[in-house]
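Novice: Structure in structure tokens, see below.
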Amino acid sequence: MKQQDAAEDIVIVGAGLAGLAVALGLHRKGVRSVVLESSPVLRTSGFAFMTWTNAFRALDALGVGDKMRSQHLQVQGVRVMSSSTGEVAREIDLRVQGKLGPHEARCVQRNVLLQALEEELPRGTIRYSAKIASIDEDGDVKIIHLADGSTLRAKVLIGCDGINSVVAKWLGLAKPCDSGRTATRGHAKYPDGHGFEPKFMQFTGNGFRAGLVPCGLTDVYWFLTWSPSPNKEGIEHQESAAAMKQFVLGKLRSINAPSEVLEAVERSEMNDVLVAPLRYRPPLSLLFANISKGNACVAGDALHPTTPDLAQGACQALEDGVVLARCLGDAMAGGGGESVEAALQRYAGLRRWRSAQVIAASYMVGLMQQSENAALRFVRDRLLSGVLAKVLLMMPDYDCGTL
């Protein structure tokens, strides 16, 4: 071993939701890990995300569920707005009973959850400004070359490094596809309270989809997705937050969105990434892909990047974290006699179909909701809204289990 090489049992690449969930799950089981994060601080881009029943089951398993509940409103329903009148077209109650228990949904602020996960980890678990350049092998050991020239040897390598994952590329997973759609997001603050009902408001128009949901009593999150092709509509606004706001407001005014929704956009701060293409990993490719190979695997967006139409991306990352920590933690403890390689294969088997199912369903729902085809829009608004509502509630009705 070279003098500059450091050695670790478990190295997790990426301090996002999946990476911190895996690290915390392992910590709860008495297993130490190191998390490499390329940024100098926790990355909180995205502002917030819908956190459904399945995610809260995972958060409860990790021991931070109640902390999130105390800081975020429970979303009581989905309010689908008419694209022609701006009035309420359909209400979906999110407090109904699922097959596994009552549904629960909250819009959780990303920075709040990441900080809560980090606080539960031993000091020094996360190593910041540690960007991976490449991966080599030395027998069963993975040799991780960092951008600063240093080298780290890992007995187990877990890639939670997002949609452009170095580890996923090393495993040979299919390259994410462009959905042909684009998204922008914003976060509005109301120091004296926003006055919105605890409902997830959804709007669909000609080739675009928007949503607004309160996080707490003083914070509101909104998003807009659209298809910029063939004239790259909206892309020209990406270098200016003010111009992007006007683009979003124009879309919302075209469907008679309520004035309070327009005001939320006007007062909001914009995401650091004003325009982001929506990409996904081909779901069929995951059925035969090397999610794990030897003592390496992937989780979170490194495994299953998906379009946001079912609001399940973050939820799936948290599920991954619990399942992977359970499988790997048991193997590292040595009580069951299972090897690390077998444990990672078991994790891959548990997550393979679930990941492909969520990606495929989300893509199809987005295709239906954002279609520019007049006939398809008519069928969607008159006949398929109930079906889409059932799909929205079907994916969260899942339990990843405990640690």
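The values are calculated or read from the model by the stated rules, or taken from the named source; none is laboratory data. Only a predicted model underlies this, so the values are computations on that prediction, with no experimental measurement involved. Note that we place each Cβ from the backbone using ideal geometry, even for glycine, and neighbour counts take in every protein chain shown. Only protein heavy atoms, including side chains, enter the accessible area calculation; ligands, DNA and RNA are left aside. Shrake-Rupley method; radii C 1.70, N 1.55, O 1.52, S 1.80 Å.
Novice: Quick check on my filter: what residues within region 324-340 are in contact (Cβ under 8 Å) with a residue 24 or more places away in the chain and either over 18 Å from residue 65 (Cα atoms) or crowded, with 24+ Cβ neighbours inside 10 Å (or both)? So that I can check it myself, show each step before the final result.
Specialist: The initial filter retains those residues of region 324-340 that are in contact (Cβ under 8 Å) with a residue 24 or more places away in the chain, namely 324-326, 328-330, 332-333, 340.
324, 325, 328, 329, 330, 332, 333, 340, listed by residue number.
Novice: I need a count of the residues in region 341-392 that are among the aromatic types (Phe, Trp, Tyr), at pLDDT 65 or above and open to solvent by 20 Å² or more (accessible area, probe 1.4 Å). Let's see the steps before the verdict.
Specialist: Kept after step one, since they are among the aromatic types (Phe, Trp, Tyr), are these residues of region 341-392: 347, 353, 363, 378.
Within this subset, residues satisfying the condition of being at pLDDT 65 or above are 347, 353, 363.
So of that shortlist, the ones also open to solvent by 20 Å² or more (accessible area, probe 1.4 Å) come out as 353, 363.
Final tally of qualifying residues: 2.
Novice: Right, something else. Kindly list the number of the only condition in (1) surrounded by 22 or more Cβ atoms within 10 Å (Cβ to Cβ); (2) aliphatic (A, V, I, L, M); (3) out of contact with any helix residue (DSSP H, G or I) (no Cβ under 6 Å at 6 or more places or on another chain) that fails for residue 276.
Specialist: (1)
Novice: Would you check which residues across region 104-118 are out of contact with any Lys or Arg (no Cβ under 9 Å at 6 or more places or on another chain) and charged (D, E, K, R) and list them?
Specialist: 118
Novice: Same structure again: Looking at residue 155, is it modelled with pLDDT of 95 or more, farther than 27 Å from residue 276 by Cα and touching a strand residue (DSSP E or B) at 6+ places or on another chain (Cβ under 6 Å)?
Specialist: Taking the combined requirement at face value, the residue satisfies it.
Novice: Here's a follow-up. Just to be sure I understand the filter: pairs with C-beta atoms under 8 Å, separated by 6 or more residues or on different chains, first member in region 146-168 and on the phi > 0 side of the Ramachandran plot, second member among the aliphatic types (A, V, I, L, M). Which pairs pass?
Specialist: Sorted first by the residue in region 146-168, then by its partner, the pairs are 162/302.
Novice: Does any residue of region 35-49 turn out to be buried (at least 24 other Cβ atoms within 10 Å of the Cβ), part of a strand (DSSP E or B) and within 14 Å of the chain's Cα centre (by Cα)?
Specialist: Checking region 35-49: at least one residue is buried (at least 24 other Cβ atoms within 10 Å of the Cβ), part of a strand (DSSP E or B) and within 14 Å of the chain's Cα centre (by Cα).
Novice: From (1) open to solvent by less than 30 Å² (accessible area, probe 1.4 Å); (2) in contact (Cβ under 8 Å) with a residue 40 or more places away in the chain, pick out the condition that doesn't hold for residue 308.
Specialist: The failed condition is (1).
Novice: Limited to region 181-227, what total is found for residues that are part of a strand (DSSP E or B), without any contact (Cβ under 8 Å) to a residue 60 or more places away in the chain and surrounded by fewer than 18 Cβ atoms within 10 Å (Cβ to Cβ)?
Specialist: Residues flagged as part of a strand (DSSP E or B), without any contact (Cβ under 8 Å) to a residue 60 or more places away in the chain and surrounded by fewer than 18 Cβ atoms within 10 Å (Cβ to Cβ) within region 181-227 amount to 0.
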